[in-house]
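Engineer: First the structure, which I've put down as structure tokens, then a few questions once you've had a look.
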Amino acid sequence: MSTHQKSGKNIPIRKIKRFTLNNTSKPINDMLFKKSGFKKCIQCGRCTASCTAAYLYQDYNPRELMRKFIFDDVYSKEINELIWKCGQCYSCRARCPRNCKAGLGVQSLQLKSVFNGNAPPEIINISKQIKLNLYKYGITFLPSTQRIDLLEEFGVKTNDQSIENSKKRESLGFKMDMTRINPLPEESLQEVRQILELTGFVED
Ligand code: SF4
Ligand code: SF4
């Protein structure tokens, strides 16, 4: 078994099976995609009736997406745009009589889209920022790096309430990016960095 030495102490490297990160495999063969259970879907539509994204966006419909999954019809530009409307709330899973997980199939397509470089620029930027935050601080979201303008589609009220978030945090006695009471232990941060390096992350 080899070891990894780039950051911190050596750790043994186990062979990692990359089920979802293979650019060349079709989504239909992807383990995460299969776990959506699309083959069991009976097109009843309960997922759509409880879907938060379907409530917000007229063109988003998890039942219809599951139908496309069944027919391996997931390679269009339209699908590549639709998948970013899913908020991964998993109401679809809770309501499905067949224990399907439309959101999981969508997540698999989102991952493929990012790794293939097909995701919209704002998603690529968010993905980069999350990885950078994780690498530097061991934290995915930091208040100072949140894109408040992306909340506009949730309505004027949400946008207005969020716009002063930084000031509100400070007025409550929090420092800008203090998202934990205790900082991540150095040893854990080194492990996070090693995992990122092993999976191809490079700090720009
Ligand atoms: S609730 Fe389940 S079975 Fe019904 S359409 Fe949605 S995924 Fe298919
Ligand atoms: S996980 Fe996505 S598809 Fe499922 S209910 Fe939530 S927003 Fe809709």
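The values are calculated or read from the model by the stated rules, or taken from the named source; none is laboratory data. Note that this is a predicted model, so its numbers are computed, not measured. Backbone-built Cβ (ideal geometry, glycine too); neighbour counts: all protein chains shown.
This table checks each residue for (1) outside the structural domain of LEU132 (by TED's automatic domain parsing); (2) farther than 12 Å from SER144 by Cα; (3) not hydrophobic (A, V, I, L, M, F, W, C).
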residue: SER162; (1), (2), (3): no, yes, yes
residue: ASN165; (1), (2), (3): no, no, yes
residue: LEU172; (1), (2), (3): no, yes, no
residue: ASP177; (1), (2), (3): no, no, yes
residue: ASN182; (1), (2), (3): no, yes, yes
residue: GLU187; (1), (2), (3): no, yes, yes
residue: GLN190; (1), (2), (3): no, yes, yes
residue: GLN194; (1), (2), (3): no, yes, yes
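Engineer: Tally the residues that are touching a residue at least 12 places away in the same chain (Cβ under 8 Å) and not β-branched (Val, Ile, Thr), restricting the search to region 56-81. Talk me through it step by step, then tell me what you get.
Structural biologist: Applying the first criterion (touching a residue at least 12 places away in the same chain (Cβ under 8 Å)) to region 56-81 yields 56-57, 59-67, 69-70, 72, 74, 79-81.
When the remaining residues are screened for being not β-branched (Val, Ile, Thr), the result is 56-57, 59-67, 69, 72, 80-81.
Final tally of qualifying residues: 15.
Engineer: For PRO97, work out the one condition from (1) in a helix (DSSP H, G or I); (2) closer than 28 Å to GLY37 by Cβ; (3) of a type outside the set (Ser, Thr, Tyr) it doesn't fulfil.
Structural biologist: (1)
Engineer: All but one of (1) within 16 Å of ligand 2 (Cβ to nearest atom); (2) touching a residue at least 24 places away in the same chain (Cβ under 8 Å); (3) over 12 Å from the mean Cα position of the chain (by Cα); (4) surrounded by 13 or more Cβ atoms within 10 Å (Cβ to Cβ) hold for VAL106; which doesn't?
Structural biologist: Going through (1) within 16 Å of ligand 2 (Cβ to nearest atom); (2) touching a residue at least 24 places away in the same chain (Cβ under 8 Å); (3) over 12 Å from the mean Cα position of the chain (by Cα); (4) surrounded by 13 or more Cβ atoms within 10 Å (Cβ to Cβ) one by one, VAL106 breaks only (3).
Engineer: Right, another one. Could you tell me how many of the residues in region 121-147 are within 18 Å of LEU56 (Cβ to Cβ), at pLDDT below 80 and in a helix (DSSP H, G or I)? Working first, answer last.
Structural biologist: Residues of region 121-147 that are within 18 Å of LEU56 (Cβ to Cβ), as a first pass: 122-123, 147.
Among the residues that remain, those that are also at pLDDT below 80 are: 147.
Restricting the remaining residues to those that are in a helix (DSSP H, G or I) gives none.
Of the residues in region 121-147, 0 are within 18 Å of LEU56 (Cβ to Cβ), at pLDDT below 80 and in a helix (DSSP H, G or I).
Engineer: Taking THR48, is it outside the structural domain of GLU152 (by TED's automatic domain parsing), closer than 30 Å to ARG180 by Cβ and within 15 Å of ligand 1 (Cβ to nearest atom)?
Structural biologist: Values: outside the structural domain of GLU152 (by TED's automatic domain parsing): yes; closer than 30 Å to ARG180 by Cβ: no; within 15 Å of ligand 1 (Cβ to nearest atom): yes.
No.
Engineer: Got a sec? Which of ASN61, ASN80 is within 22 Å of SER113 (Cα to Cα) and either of a type in the set (Gly, Ala, Ser) or within 15 Å of ligand 1 (Cβ to nearest atom) (or both)?
Structural biologist: Working: ASN80 fails: either of a type in the set (Gly, Ala, Ser) or within 15 Å of ligand 1 (Cβ to nearest atom) (or both).
Only one candidate passes the filter, namely ASN61.
Engineer: If you don't mind, there's one more thing I want to ask. Identify the residue in region 43-55 that is near ligand 2 (Cβ under 9 Å from one of its atoms) and touching a residue at least 12 places away in the same chain (Cβ under 8 Å) and, among all such residues, is farthest from GLU153 (Cα to Cα).
Structural biologist: Here the residue is CYS47.
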